[in-house]
Amino acid sequence: MSSPLAGLVGPPNAGKSTLFASLTLVDVKIAPYPFTTIEPNVGIGYVRIPCVCKELGVKDDPRNSLCIEGNRFIPVRIIDVAGLVPDAWKGRGLGNRFLDHMRRACILIMVIDASGTTDSEGKNVKPGTHDPCDDVRFLEREVDMWILQILKRDWEHIVKLVSIARKDLKDVLYSRLSGLGFTAEDIVEGLLRTGLNSKRIERWNEGDLIDFIRVIRERGKPMLIAANKADLPTSEDNIRALQREYGERYKIVPTSAEAELALRKAAKAGLISYLPGDRDFEVIKPERLTPKQRRALDYIRENVFEKWGSTGVQEVINAAFLDVLGMVAVFPVENENELTDHNGNVLPDVYLMPRGSTALDLAYKVHSELGEKFMFAIDARNKRRLGADYKLRHRDIIKVVVSRG
């Protein structure tokens, strides 16, 4: 089973490609003009959690992830598409094509220029003159209208299936929208919350469809806001405004993708000691720093770390998967006493599991045969026996016991 996928969406020049590069260290085109990114870029980012190895006093042997200084970095996929402009859903700027790349994303990260130095078209404007809240509104609309157009393509056929062929409304809508990643539960919730479950489908209007789409989008394509360029002088007031208007609906993370990218490159070059998500960095090779590099690091410390506590980049990816999606990291082992697999590797794997996953779900995630022969599971910490319906908790260490028949 592939890693979960987060999609980066935003206006041109909001810093999406820089954020993507800082998350993945994949070289992408970064330039201050619209549509630098044409084909979608896909790379691997990492959710950072405290590894259980430190807590248990063992030296682990990671296989499907990384463990650095007691921090486990769990891979997730990130997709970056071209910047969206208003009416992208109509195909403007190839926007409908770019939106289609988001079908498989389980969460969308809205990358907003918090400094207000670019407008929704990606054009440079006087710092602070563009309202980033406008970008959130237009991005919500673009995604909603994209879904609407997909639903309306064969709306007459959908109506006939329900009203004439007497097909189940939920099943018909699910068959049309499941390809976008929506579940049957999303459809049911959308019908209930809008009251459309009790309204004849042939009487639905476009407003009804938009209301329905908003509900399923909030459930099936949840979003968070990366308030990028947070280090610039005009950003602080704008971020406060974003928090006032959208703080109850979205997680908002002040972010400086450029600072993160600079720190990761400096760490890779051996100039500083820095792990993604750290609250500071340490210069370890001061004699190798040029005056320009020293000034850049001083700027980052003063305008990023002292102001916001971090670059926000690692927080964005952690918040997406752990906070918004509510995923839990689980360590499967074969030997609950030694915490090893059959080859003797200590805590070799960790999986991000969806909210509400069970011990049986974990068994199937590791291998289909484990799921088919599942008998029970064991909590490696306290050796307690767990049933198939045990709800997994964050940082659980689980052994799956199977039948031998």
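The values are calculated or read from the model by the stated rules, or taken from the named source; none is laboratory data. These numbers come from a predicted model, not from an experiment. So basically every Cβ, Gly included, is an ideal-geometry build from the backbone, and we count neighbours across all protein chains shown.
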(request) Examine region 137-158 for a residue that is part of a loop (DSSP other than H, G, I, E, B), of a type in the set (D, E, K, R) and either crowded, with 17+ Cβ neighbours inside 10 Å or outside the structural domain of Tyr299 (by TED's automatic domain parsing) (or both), and state whether such a residue exists. (result) yes
(request) For Thr117, work out the one condition from (1) closer than 19 Å to Leu242 by Cβ; (2) without any contact (Cβ under 8 Å) to a residue 12 or more places away in the chain; (3) of a type in the set (Val, Ile, Thr) it doesn't fulfil. (result) (2)
(request) Consider only pairs whose beta carbons are under 8 Å apart and that are at least six residues apart or on different chains; among these, list those whose first residue lies in region 124-149 and is among the polar types (S, T, N, Q) and whose second residue is not in a strand (DSSP E or B). (result) Asn124/Asn13; Asn124/Pro32; Asn124/Thr117; Thr129/Gly116; Gln149/Trp89; Gln149/Asn96
(request) Considering only residues that are within 12 Å of Val162 (Cβ to Cβ) and among the aliphatic types (A, V, I, L, M), look in region 185-214 and name the one that is surrounded by the fewest Cβ atoms within 10 Å (Cβ to Cβ). (result) Ile201
(request) Would you tally the residues in region 257-293 being in contact (Cβ under 8 Å) with a residue 60 or more places away in the chain, in a helix (DSSP H, G or I) and either touching a strand residue (DSSP E or B) at 6+ places or on another chain (Cβ under 7 Å) or buried (at least 20 other Cβ atoms within 10 Å of the Cβ) (or both)? (result) 5
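Yes/no per residue for (1) within 22 Å of Leu8 (Cβ to Cβ); (2) modelled with pLDDT of 95 or more; (3) part of a helix (DSSP H, G or I):
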{"position": "Asp298", "(1), (2), (3)": "no, yes, yes"}
{"position": "Ala319", "(1), (2), (3)": "yes, yes, yes"}
{"position": "Asn337", "(1), (2), (3)": "no, yes, no"}
{"position": "Gly356", "(1), (2), (3)": "no, yes, no"}
{"position": "Leu362", "(1), (2), (3)": "no, yes, yes"}
{"position": "Gly371", "(1), (2), (3)": "no, yes, yes"}
(request) Can you run down the residue pairs with Cβ atoms below 7 Å, 6 or more apart or on separate chains, where the first is in region 206-228 and without any contact (Cβ under 8 Å) to a residue 24 or more places away in the chain and the partner is small (Gly, Ala, Ser) and part of a helix (DSSP H, G or I)? (result) Phe212/Gly190
(message) Under 6 Å between Cβ atoms, which residue pairs at least 6 apart in sequence (or on different chains) link something in region 339-366 that is farther than 21 Å from Lys383 by Cβ and in the same structural domain as Thr183 (by TED's automatic domain parsing) with a partner that is at pLDDT 95 or above and in a loop (DSSP other than H, G, I, E, B)?
(response) none
(message) Return the residues of region 212-229 that are among the aliphatic types (A, V, I, L, M), touching a Ser or Thr at 6+ places or on another chain (Cβ under 8 Å) and in a strand (DSSP E or B); say none if nothing qualifies.
(response) Ala226, Ala227
(message) Can you say whether Val188 is at pLDDT 95 or above, in the same structural domain as Thr117 (by TED's automatic domain parsing), in contact with a helix residue (DSSP H, G or I) (Cβ under 9 Å, 6 or more places away or on another chain) and among the hydrophobic types (A, V, I, L, M, F, W, C), as far as the supplied structure shows?
(response) no
(message) Within region 366-378, does at least one residue satisfy the condition of being small (Gly, Ala, Ser) and within 22 Å of the chain's Cα centre (by Cα)?
(response) no
(message) Restricting to region 23-57, give me the number of residues that are modelled with pLDDT of 90 or more, farther than 25 Å from Glu140 by Cβ and not in a strand (DSSP E or B).
(response) 7
(request) Scan region 40-72 for residues that are crowded, with 19+ Cβ neighbours inside 10 Å, under 19 Å from the mean Cα position of the chain (by Cα) and in contact (Cβ under 8 Å) with a residue 60 or more places away in the chain and report the count. (result) 7
(request) Would you mention how many residues in region 373-399 are free of Cβ contacts under 8 Å to residues at least 60 places away in the same chain and not in a loop (DSSP other than H, G, I, E, B)? (result) 10
(message) Given (1) over 19 Å from the mean Cα position of the chain (by Cα); (2) buried (at least 19 other Cβ atoms within 10 Å of the Cβ); (3) under 26 Å from Leu5 (Cβ atoms), identify the lone condition not met by Arg393.
(response) (2)
(request) Collect the residues in region 366-405 that are within 11 Å of Glu334 (Cβ to Cβ) and among the small types (Gly, Ala, Ser), keeping them in residue-number order. (result) Ala380
